[in-house]
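Nothing in this text is a laboratory measurement; each read-out follows from the coordinates by a stated rule. These numbers were taken from a predicted model, which means no experiment stands behind them. Glycine also receives a Cβ, built like all others from the backbone with ideal geometry; neighbour counts cover every protein chain displayed.
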Amino acid sequence: MLEAIAVAALWSFFVVDITLEIIFYSFALLTVSLWLVLRQVAPWLFWDHLTLSFCILLGVVVPWLYWDRHTPSRGGRRKWLQKPMRLLCRRIQSYFPLQIVKAKGARLPTTKNYILDIHPHGFCMAAAAAALFSGGLQSAFPGIDFKTVVLDLTFLTLPFVREVSMGIGCISQKEESIRHVLQSRAGGKAVVLFSGGIQEVFHMRPDAFRLRLKQRGFCRVALLEGAQLVPALMLGENLSYRQPLLQVMDWLYKQIGVRIPLFFGRGLFVKHIGMLPHRVPHTFVVGAALDVRKTPDPTHEEVEALHFRYVKAVRNLYKECGPQFNAASLPLVIST
């Protein structure tokens with residue numbers, strides 16, 4: 001019974017965003033299509049009301065998106081959906097299952113601000129969402145206000161999806177947005193990001209723990225604001241989905257220059273094919289924070305030096321925690 005509830009919760013989390021967008025745009029397309037058909041076939045019907053409804057919808061949504069356009073870059077909103085999201089994410093947490101572990105020396109005093117970088121970037125991000133929004137991370141580090149960086153596209157779609165994203169603590173990926181949070185003088189702020197990006201998804205293999213650490217922007221921001229860098233690993237993420245068509249993916253990338261994801265998980269009733277991640281135990285490991293001195297105008301050498309320290313910290317974190325959570329047999333491969 002609990003397994004069925006967990007699967008249903010994960011499935012609802014995975015499809016709710018795309019479902020809402022499909023409903024919204026389908027409704028808009030249907031409204032326009034019906035308006036055009038009725039105008040030609042039966043102009044005496046109520047097509048004027050449809051036109052009015054559609055215009056009212058656009059008249060409300062578009063001005064709101066424009067008027068509120070800066071909010072995602074200024075710390076977002078109050079986390080008014082935190083409690084309902086915790087109920088959903090705790091079900092997802094029990095689905096894998098997922099445990100949150102603090103590595104040796106992982107302490108986050110509320111007097112400082114942090115950049116929490118999670119590796120690897122997952123396909124559907126269900127495990128990461130469970131770790132971030134289930135309340136487990138907040139319990140492990142009380143007093144820290146976590147803000148999760150998401151794509152700007154999230155705030156340009158449905159107003160409902162936009163408000164839900166900000167209601168659970170999401171902010172824009174822009175540099176100004178991240179720096180705005182880290183400029184809190186009181187401390188106790190943490191920006192959560194995935195510096196590996198979507199490209200890290202295509203590098204995941206079941207025979208190795210592959211990470212992509214080519215970005216330096218988060219190191220530069222850490223220097224600018226004096227934010228402490230915190231490495232975090234999601235052990236087990238590379239086993240959530242299978243990629244049996246790697247050669248096809250590589251061939252398509254060479255032909256069209258775009259990587260098309262061809263991943264296979266499990267279904268509601270079938271364990272070998274579907275969109276749900278496989279039920280593989282996950283461990284979210286948070287490492288010790290790297291002390292960073294605030295540098296108003298960091299040089300290239302200073303950014304590279306901090307990046308080198310961060311990569312070394314990631315290696316040490318995997319070396320320390322990998323053997324404890326059945327990841328010792330998988331080699332760590334980092335692309336820098």
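Things to note:
- Residue match in the range 208-221 (condition: of a type in the set (Val, Ile, Thr) and farther than 22 Å from Phe146 by Cβ): no
- When the strands (runs of 3 or more DSSP E) confined to the range 102-192 are screened for residues that are acidic (Asp, Glu) and touching a Pro at 6+ places or on another chain (Cβ under 6 Å), none reaches at least 2 such residues.
- Test: Phe218 is assigned to a strand (DSSP E or B), out of contact with any Phe, Trp or Tyr (no Cβ under 6 Å at 6 or more places or on another chain), hydrophobic (A, V, I, L, M, F, W, C) and surrounded by 14 or more Cβ atoms within 10 Å (Cβ to Cβ): no
- Of the residues Leu229, Leu233, Leu317, Leu306, the single one that is more than 23 Å from the chain's Cα centre (by Cα), within 30 Å of Thr111 (Cβ to Cβ) and crowded, with 19+ Cβ neighbours inside 10 Å is Leu306.
A quick yes/no check of all residues on (1) without any contact (Cβ under 8 Å) to a residue 24 or more places away in the chain; (2) among the basic types (Lys, Arg); (3) within 21 Å of Ile334 (Cα to Cα):
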site: Gln255; (1), (2), (3): yes, no, no
site: Ile260; (1), (2), (3): yes, no, no
site: His278; (1), (2), (3): no, no, no
site: Pro281; (1), (2), (3): no, no, no
site: Val286; (1), (2), (3): no, no, yes
